[in-house]
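Enquirer: Before we start, here is the structure in question, set down as structure tokens.
The values are calculated or read from the model by the stated rules, or taken from the named source; none is laboratory data. The shown structure was predicted, so the numbers you read here are calculated from the model rather than taken from an experiment. Quick reminder, even Gly has a Cβ in these numbers, built from the backbone with ideal geometry, and neighbours come from all protein chains shown. What goes into the accessible areas is simple: the full protein's heavy atoms, side chains included, and nothing from ligands, DNA or RNA. Shrake-Rupley method; radii C 1.70, N 1.55, O 1.52, S 1.80 Å.
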Amino acid sequence: MSRAFVKEDSNAPEPGPPERPVSGLPNLVTPRGLRMIDDEIDRIETRLAAGPDAADEAMLRRDLRYWIQRRASAQPVPHHPDPQAAGFGAKITISRGAAVQVLEIVGEDEADPAQGRLSWTSPLARALDGAEPGETVELESGDSIALLAVGPGDGG
């Protein structure tokens, strides 16, 4: 039999889970976002210390590499108690037609649309960046967004 069809290293371990993608943009974080990263690292280290099975351990180690990298690249943005314009860390109230939403602009890892936390890298946050209450911005989609109010975010 030709060696071309024989697996060279049949005893090699299965490859682990693929690495989590890391954004190439600055890793801006609110004080809450920085605490969240630290808490996630602690949680994973605790689970690893408990001796998970091999599959869980591979996933946990992958996730730990991700969070350690995110911690190392974190750029904390201080809490602003009285923002005058939409931007990182601000809580904004917007309207799209008749729908009104309150959103907080936060870091990528802290974003949670269901909780009203919008990543600063999202198209909506970027379109509103620097806008002041009373201004309307046009999105590339053609939608108009009115900025009704700006206040301090909860991420402090």
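Enquirer: Considering the range 112-131 alone, what residues qualify as being among the small types (Gly, Ala, Ser) and either in a helix (DSSP H, G or I) or farther than 10 Å from residue 87 by Cα (or both)?
Expert: 114, 116, 119, 122, 125, 127
Enquirer: If you don't mind, there's one more thing I want to ask. Test residue 94 against the criterion of being crowded, with 19+ Cβ neighbours inside 10 Å and modelled with pLDDT of 95 or more, and give yes or no.
Expert: For residue 94, the condition - crowded, with 19+ Cβ neighbours inside 10 Å and modelled with pLDDT of 95 or more - is met.
Enquirer: Within the range 97-110, work out how many residues are under 18 Å from residue 83 (Cα atoms) and either without any contact (Cβ under 8 Å) to a residue 12 or more places away in the chain or open to solvent by less than 70 Å² (accessible area, probe 1.4 Å) (or both).
Expert: Residues flagged as under 18 Å from residue 83 (Cα atoms) and either without any contact (Cβ under 8 Å) to a residue 12 or more places away in the chain or open to solvent by less than 70 Å² (accessible area, probe 1.4 Å) (or both) within the range 97-110 amount to 5.
Enquirer: Only one of these is among the β-branched types (Val, Ile, Thr) and at pLDDT 95 or above: 22, 29. Name it.
Expert: Just a single option satisfies the conditions, and that option is 29.
Enquirer: Moving on to the next point. Taking the stated definitions as given, is residue 149 touching a Leu at 6+ places or on another chain (Cβ under 9 Å), closer than 22 Å to residue 80 by Cα and open to solvent by less than 80 Å² (accessible area, probe 1.4 Å)?
Expert: So residue 149 does not fit the description; no.
Enquirer: Continuing with the same structure: If you check 53, 39, which single one turns out to be surrounded by fewer than 16 Cβ atoms within 10 Å (Cβ to Cβ), more than 30 Å from residue 152 (Cα to Cα) and free of Cβ contacts under 8 Å to residues at least 24 places away in the same chain?
Expert: 53 is the lone residue from the list that is surrounded by fewer than 16 Cβ atoms within 10 Å (Cβ to Cβ), more than 30 Å from residue 152 (Cα to Cα) and free of Cβ contacts under 8 Å to residues at least 24 places away in the same chain.
Enquirer: Scan (1) acidic (Asp, Glu); (2) open to solvent by less than 40 Å² (accessible area, probe 1.4 Å); (3) modelled with pLDDT under 95 for the single condition residue 8 breaks and write down its number.
Expert: Result: residue 8 passes all but (2).
Enquirer: Please verify whether residue 142 is in a loop (DSSP other than H, G, I, E, B), farther than 23 Å from residue 32 by Cβ, modelled with pLDDT under 95 and open to solvent by less than 90 Å² (accessible area, probe 1.4 Å), treating the condition exactly as stated.
Expert: Answer is yes for this residue.
Enquirer: Among (1) buried (at least 17 other Cβ atoms within 10 Å of the Cβ); (2) touching a residue at least 40 places away in the same chain (Cβ under 8 Å), where does residue 80 come up short?
Expert: Failed condition: (1).
Enquirer: Could you check how many residues of the range 111-129 are open to solvent by 50 Å² or more (accessible area, probe 1.4 Å) and within 17 Å of residue 23 (Cα to Cα)?
Expert: Adding up the residues that qualify gives 3.
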